[in-house]
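Undergrad: My questions all concern the structure below.
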Amino acid sequence: MLAAQPTTLDPIAGARSGQVVWDTVIEPLVHTDLNLEPTKDGLITDWERTDDTTWTFTLRDGVTFSNGEPADAEAAVFALTKVRDEPTSILKSFWTNAESFEAPDPTTLVIKTKAPQYDLVNNLGTIYMIPPTYYAEKGPEGFSAAPIGTGPYLFDGQRAGRDMTVVRNPDYWGDAAKTKKIVYSWSSEASQRLALLRSGSADVVYDLPPTQQEEAKKADLEVMATESAMKIVGFLQTDKAPFNDADVAKAAALAVNRDQIVSGIFQGAAAADGGLLNVKPGEQPDDVVTQDVDEAKSLMGGRSVAVTVTYPAGQYTNIEEVAQAVGGQLEAVGFKVKYNPIDYGSLVTQVGGGELDGLYIFAAVPNVAVPSFFVNGFVRSASITKNCGDPKLDAMADEAVAAPDKEAAEAIYDEINRIAVVEKNCYIPLYRQVYAIATAKNVSGLVYNPINASDFTGVTVG
């Protein structure tokens, strides 16, 4: 049981919160291990950097989509082109450096980039293979209603607003899933999710806050808590009032105490994190903003500044309490706060459309564990959020991704983080979510990946 209904099962337009369902049906081109590094055991089995701007990939031979279409290099080109060029693509900004995609034969994919890009392989973990003919016929909405892929499960239908079902794919190219069927349902109330697990009406429940985690343990249920790569961040829209005033933006950043939020709301069951571009769990940036109420009040200069705090109601663990805590800390230094709880789908649409001002709370989820993912998604002028446009940061981002390897790029990303978070205060990083999943005692084999993906193929119930 999930905390919220996926807004779409179309991986081109969909936020990755929906991948817990579509991941069972649709596969990415490149798989990653639990250390978030790319592996060669997925649809792509090998790669070579032919020159600075050319990569050649080998696709697994003979794989087909469940409708019979070939899952070959031409299909990979179709998916990549959709992600790069579709106006509704949520990852459009991540692929602006891609110049061309070619399929010289069914098992060979060639990607040429405009400038060198050391982390291109990692980024193929964001590209989900979709059948070209079927997707073109159905369109995004039709595909979302009945997705087709190459995965270990087949989509078996949905009851609007109630549940979605997948069943084992008997013709899967890899190891067969052990579980015959998975039914996904959802409830925004953690107490209800836990009650259904305790009653035997659910086998697995996601996203349990600390209180429900303790209740689950006392009920002799299994609880798996993992520090995820997903971090909750306050985004300041610095091109609009009130945060187009640098002093006001700095005051907001200095007002917030992330450690207090983690200890007071999560009882320590989250990880305070003051950086944006430190991607993997356990990584911390060199420079952070720490709370300084006196300095924040001085910057406000006695002004009462109105600000809207927007957040996705029910989407993340204890998000209402987090929004109220952030708002209370802002009010303590002179802000007059108005709260704007909206559904997650509306938040994504409004963020992408540049419709919001003030501060909005959003999850930064690295589909792949490289800093460029957050830079392209949130920092560049042409990013999803477009809240920190700065030609200097754009130039530094180009320099970082063109570095020969991740070690060479690290110092540049550290400086981008310092400028964007500490100097310009475009972001108020809060914490990494410690993601808690509870299962019945007779459930085993569920694997949770820190980039918010679950592997059900080895799950058994009994």
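Undergrad: What pairs come up if the first residue lies in the range 181-198 and is on the phi > 0 side of the Ramachandran plot, the second is among the basic types (Lys, Arg) and part of a strand (DSSP E or B), and their beta carbons are under 9 Å apart, counting only those six or more places apart or on different chains?
TA: none
Undergrad: I'm told GLN212 meets every condition in (1) within 25 Å of ILE451 (Cβ to Cβ); (2) assigned to a helix (DSSP H, G or I); (3) open to solvent by 50 Å² or more (accessible area, probe 1.4 Å) except one. Can you identify the failing condition by its number?
TA: In the conditions (1) within 25 Å of ILE451 (Cβ to Cβ); (2) assigned to a helix (DSSP H, G or I); (3) open to solvent by 50 Å² or more (accessible area, probe 1.4 Å), GLN212 misses (3) alone.
Undergrad: Quick check on this structure: which one of THR54, THR81, THR58 is more than 26 Å from PRO404 (Cβ to Cβ), out of contact with any helix residue (DSSP H, G or I) (no Cβ under 6 Å at 6 or more places or on another chain) and at pLDDT 95 or above?
TA: Matching residue, one of THR54, THR81, THR58: THR81.
Undergrad: If you don't mind, another one. Collect the residues in the range 278-311 that are at pLDDT 95 or above and closer than 30 Å to THR349 by Cβ, keeping them in residue-number order.
TA: Across the range 278-311, the qualifying residues are VAL289, VAL305, ALA306, VAL307, THR308, VAL309, THR310, TYR311.
Undergrad: For VAL309, which of the numbered conditions (1) aliphatic (A, V, I, L, M); (2) crowded, with 16+ Cβ neighbours inside 10 Å; (3) more than 16 Å from ILE342 (Cβ to Cβ) fails to hold?
TA: Checking VAL309 against (1) aliphatic (A, V, I, L, M); (2) crowded, with 16+ Cβ neighbours inside 10 Å; (3) more than 16 Å from ILE342 (Cβ to Cβ), the one that fails is (3).
Undergrad: Since TYR135 meets every condition but one in (1) modelled with pLDDT of 95 or more; (2) open to solvent by 20 Å² or more (accessible area, probe 1.4 Å); (3) of a type in the set (Phe, Trp, Tyr), which condition does it not meet?
TA: If we test TYR135 against (1) modelled with pLDDT of 95 or more; (2) open to solvent by 20 Å² or more (accessible area, probe 1.4 Å); (3) of a type in the set (Phe, Trp, Tyr), just (2) comes out false.
Undergrad: So is ALA146 surrounded by fewer than 19 Cβ atoms within 10 Å (Cβ to Cβ) and within 23 Å of the chain's Cα centre (by Cα) or not?
TA: yes
Undergrad: Looking at the range 2-17, can you tell me whether even one residue there is part of a loop (DSSP other than H, G, I, E, B), modelled with pLDDT of 95 or more and touching a strand residue (DSSP E or B) at 6+ places or on another chain (Cβ under 7 Å)?
TA: Looking for residues that are part of a loop (DSSP other than H, G, I, E, B), modelled with pLDDT of 95 or more and touching a strand residue (DSSP E or B) at 6+ places or on another chain (Cβ under 7 Å), one finds none in the range 2-17, hence no.
Undergrad: Out of the range 326-343, which residues are open to solvent by 30 Å² or more (accessible area, probe 1.4 Å) and either in contact (Cβ under 8 Å) with a residue 12 or more places away in the chain or part of a strand (DSSP E or B) (or both)?
TA: The answer is ALA332, LYS336, LYS338, TYR339, ASN340, PRO341, ASP343.
Undergrad: Counting only residues that are open to solvent by 20 Å² or more (accessible area, probe 1.4 Å) and closer than 23 Å to SER228 by Cα, give me the helices (runs of 4 or more DSSP H) lying completely in the range 356-462 with at least 1 of them.
TA: Qualifying helices (runs of 4 or more DSSP H): 371-374, 406-417.
Undergrad: Separate question: Tell me the helices (runs of 4 or more DSSP H) entirely within the range 222-305 that contain at least 1 residues that are surrounded by fewer than 17 Cβ atoms within 10 Å (Cβ to Cβ) and touching a strand residue (DSSP E or B) at 6+ places or on another chain (Cβ under 8 Å).
TA: The qualifying helices (runs of 4 or more DSSP H) are 258-265.
Undergrad: May I ask you to say which residue of GLY14, GLY68, GLY62 is among the small types (Gly, Ala, Ser) and buried (at least 22 other Cβ atoms within 10 Å of the Cβ)?
TA: The match here is GLY14.
The values are calculated or read from the model by the stated rules, or taken from the named source; none is laboratory data. Keep in mind the model is a prediction, meaning the values are calculated, not measured. Quick reminder, even Gly has a Cβ in these numbers, built from the backbone with ideal geometry, and neighbours come from all protein chains shown. We work out accessible area using only protein heavy atoms, side chains counted, and drop any ligands, DNA or RNA first. Shrake-Rupley method; radii C 1.70, N 1.55, O 1.52, S 1.80 Å.
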